[in-house]
2 protein chains.
Amino acid sequence: MSVAPPLPQFDDVLDAAARIAPHARVTPVLRATALDTLAGCRLAFKAECLQRGHAFKFRGACNAVFSLPDGDAARGVVTHSSGNHGGALALSARLRGIPCHVVVPEGAVGAKLGRIAAQGAVLHRCAATIEAREAMCARVQAATDASLVHPYADPQVIAGQGTAVLELLHAAPDLDVVVVPVGGGGLASGSAIALAGLSSGVELVLAEPAGAADTLASLQRGERCTSVTPDTLCDGLRTLVGEPNFRILQAHRAQVLAVEDADTIAAMRRLLVELKLLVEPSSAIALAAVLANPARFAGRRVGIVLTGGNVDPDRLPWVSA
Amino acid sequence: MSVAPPLPQFDDVLDAAARIAPHARVTPVLRATALDTLAGCRLAFKAECLQRGHAFKFRGACNAVFSLPDGDAARGVVTHSSGNHGGALALSARLRGIPCHVVVPEGAVGAKLGRIAAQGAVLHRCAATIEAREAMCARVQAATDASLVHPYADPQVIAGQGTAVLELLHAAPDLDVVVVPVGGGGLASGSAIALAGLSSGVELVLAEPAGAADTLASLQRGERCTSVTPDTLCDGLRTLVGEPNFRILQAHRAQVLAVEDADTIAAMRRLLVELKLLVEPSSAIALAAVLANPARFAGRRVGIVLTGGNVDPDRLPWVSA
């Protein structure tokens, strides 16, 4: 049985910030008066859809890849993800000049696979189940001795994701609360560590699809709930919260708001109209959580991480087919 | 006969920058590696679609409104524009707490008029001809003694628009060339003054719809051409270049590239996919000019002003109806 790696600490987030600085973008923090009026609070949006690869995932992947010792790095990295993490790891590996293997399940979107392959990564196809993905990942690891970079449970990934909130607080130091989406929990747990480490007193609120609210259930019960079957348009948030991610969120008393997909779609459209930014449903959910709970945020200064923008502009969910 | 006001100078642009600083946003300068690869040059995008009112027009309107002496200001301002300038002037007047009158032609888009009215401006409707607009404007002026703030020929408007390029060069000091759209020429002439004043050696290239290329014709002939009938999707660029604007552009030897609407639509979609920004066709034309003329820009460092983002996300021009 493998021993769980230690949970990342605030120093790891600070180290990550220094490590990724030569590679990652410092994304802008944007405001929109019309959205403030609508929400009844003051909003600051950290636009990670403008990060390299169009998602915050580059932060964690880049930190993991560049924290590997040279010898390990030379043997490459491997992950299973057909989404933004796969693309982010492929880009990070290319920047370090090392091999990257990405295990992708049947049925993954061709355009996303094309982007991963375009970064020079080797794709390994498998069946769509989590068991098949993990088995294929283990097989690639055995054959190549590549280092596994888990999409959200890896400590260096968690530390890297925490750097987004560091930058947000630097640009908007007077926030009362920060809202981020939660899926596997890499960003959520990294944000919790960053906020606690800044001794900021800033509250952390997580936005989770009502149809995939396992983090909410887990925190309510005090143990990780693995029986949820995700049913949500938010394709980036269908993952169950990871084990270390859950422990970090529990320790930091993170609050979770469940959000209906219809509210998320409406928020996605509002972000395009009022902030001129195209974001994924999995990002828009954070604004949806604020708009659906006006009393909770009234008059407060609210930071929101817009996590990614990888969405097909020809199939916007509010345009009827 | 009225005497033409003196042309604005670089000092006027610097004054404008200081004057609008408490009110305008310093918009971010964004980059997208995929667009660099596509264009074969290094692009820096000044995202004025994230300016207040979602267009650079706020710079000029704000500068004009806040440079009025108190006595004049108290009698209000008037303009004729159903587009971004009308909204920008209404917002600026509200910020100074003075009346604003906007003459709007029949057939103007209801949503845009709603935005202008929402800022507290008084709308004055008239027929769609330029003669009717100017006559109504003169009537409002006579009745109210409000100060006319012309959308692009006003010297304070020109100076205000020049501040966008000041900020662009501050954020990206190593540019070789700056590309901006040209319609009435407020931004174009302000940019010319700013670039010359910075002694930057940065070339100015203007992007103009092939179906409304009066600036190109005017600069080629050496006199202002007023016989062009605009036929373009770029609703912000259907205006003939203004008289002072033409003189400034002629003096600064601005270059003009004519761009087909089909190329502009393709560039607008690319900006949404690769930069995650929703911009108007009248903004996307600048990138289209670069992509349509690869040899002209190959290997150079190119700044582009994305002028505005006021477009209906339910009617994106590449989505067939």
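The values are calculated or read from the model by the stated rules, or taken from the named source; none is laboratory data. Please read all numbers here as calculations on a predicted model, not as lab measurements. All Cβ positions, glycine included, derive from the backbone under ideal geometry; neighbour counts span all protein chains shown.
What the table shows:
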read-out: Residue list for the stretch B:181-222, filter: in contact with an Asp or Glu (Cβ under 6 Å, 6 or more places away or on another chain) and without any contact (Cβ under 8 Å) to a residue 12 or more places away in the chain; value: none
read-out: Conditions (1) more than 27 Å from B:Arg125 (Cα to Cα); (2) surrounded by fewer than 24 Cβ atoms within 10 Å (Cβ to Cβ): number failed by B:Asp145; value: (1)
read-out: Boolean, A:Leu240 is under 24 Å from A:Gln161 (Cβ atoms), touching a strand residue (DSSP E or B) at 6+ places or on another chain (Cβ under 8 Å) and either surrounded by 24 or more Cβ atoms within 10 Å (Cβ to Cβ) or more than 14 Å from chain B (Cβ to nearest Cβ) (or both); value: no
read-out: Filter result for the condition that a residue is buried (at least 24 other Cβ atoms within 10 Å of the Cβ) and within 14 Å of chain B (Cβ to nearest Cβ), over A:Val279, A:Val259; value: A:Val279
read-out: Unique match (being at negative phi, away from chain B (no Cβ under 14 Å) and not charged (D, E, K, R)) among A:Ala267, A:Ala286; value: A:Ala286
read-out: Residue within the stretch B:59-74 that is under 21 Å from the mean Cα position of the chain (by Cα) and farther than 30 Å from B:Ala251 by Cα present; value: no
read-out: Selection from the stretch B:24-57 of residues that are assigned to a helix (DSSP H, G or I), within 14 Å of chain A (Cβ to nearest Cβ) and under 15 Å from B:Glu274 (Cα atoms); value: B:Thr33, B:Ala34, B:Leu35, B:Asp36, B:Thr37, B:Leu38
read-out: First in the stretch B:26-38 and in contact (Cβ under 8 Å) with a residue 60 or more places away in the chain, second anywhere and loosely packed, with under 15 Cβ neighbours inside 10 Å, Cβ under 7 Å, 6 or more apart; value: none
read-out: In the stretch B:293-318, the residues that are under 21 Å from B:Arg238 (Cα atoms) and among the aliphatic types (A, V, I, L, M); value: B:Ile304, B:Val305, B:Leu306, B:Val311, B:Leu316
read-out: Among the residues listed as B:Arg247, B:Arg269, the single one being surrounded by fewer than 19 Cβ atoms within 10 Å (Cβ to Cβ), in a helix (DSSP H, G or I) and within 18 Å of the chain's Cα centre (by Cα); value: B:Arg247
read-out: Single residue of B:Ala4, B:Ala18 found to be of a type in the set (A, V, I, L, M, F, W, C) and assigned to a loop (DSSP other than H, G, I, E, B); value: B:Ala4
read-out: Matching residues in the stretch B:162-187 - criterion: being under 29 Å from B:Ala127 (Cα atoms) and out of contact with any strand residue (DSSP E or B) (no Cβ under 9 Å at 6 or more places or on another chain); value: B:Gly184, B:Gly186
read-out: Residue in the stretch B:10-27 that is in contact with a Gly (Cβ under 7 Å, 6 or more places away or on another chain) and among the small types (Gly, Ala, Ser) present; value: yes
read-out: Residue in the stretch A:296-311 that is away from chain B (no Cβ under 14 Å), more than 21 Å from the chain's Cα centre (by Cα), crowded, with 19+ Cβ neighbours inside 10 Å and assigned to a helix (DSSP H, G or I) present; value: yes
read-out: Selection status of A:Val279, touching a Ser or Thr at 6+ places or on another chain (Cβ under 9 Å), of a type in the set (A, V, I, L, M) and part of a strand (DSSP E or B); value: no
read-out: Qualifying residues in the stretch A:61-72 (those that are assigned to a helix (DSSP H, G or I) and of a type in the set (A, V, I, L, M, F, W, C)) - the one surrounded by the fewest Cβ atoms within 10 Å (Cβ to Cβ); value: A:Phe66
read-out: Candidates A:Phe45, A:Phe58, filtered to the one that is surrounded by 24 or more Cβ atoms within 10 Å (Cβ to Cβ), under 27 Å from A:Asn245 (Cβ atoms) and in contact with a strand residue (DSSP E or B) (Cβ under 8 Å, 6 or more places away or on another chain); value: A:Phe45
read-out: Filter pass, B:Leu175 being closer than 19 Å to B:Val26 by Cα, part of a loop (DSSP other than H, G, I, E, B) and at pLDDT 95 or above; value: yes
read-out: Test: residue in the stretch B:1-23 that is within 14 Å of another protein chain (Cβ to nearest Cβ) and either surrounded by 19 or more Cβ atoms within 10 Å (Cβ to Cβ) or modelled with pLDDT under 95 (or both); value: no
read-out: Qualifying residue in the stretch B:199-210 (condition: assigned to a helix (DSSP H, G or I) and modelled with pLDDT of 95 or more); value: yes
read-out: Residue check, B:Thr239 hydroxyl-bearing (Ser, Thr, Tyr) and at pLDDT 95 or above; value: no
read-out: Out of B:Ala128, B:Ala121, sole residue that is over 20 Å from the mean Cα position of the chain (by Cα) and crowded, with 24+ Cβ neighbours inside 10 Å; value: B:Ala121
read-out: Residue satisfying condition, being of a type in the set (Asp, Glu) and either in contact with a Gly (Cβ under 6 Å, 6 or more places away or on another chain) or crowded, with 21+ Cβ neighbours inside 10 Å (or both), within set A:Asp231, A:Asp235; value: A:Asp231
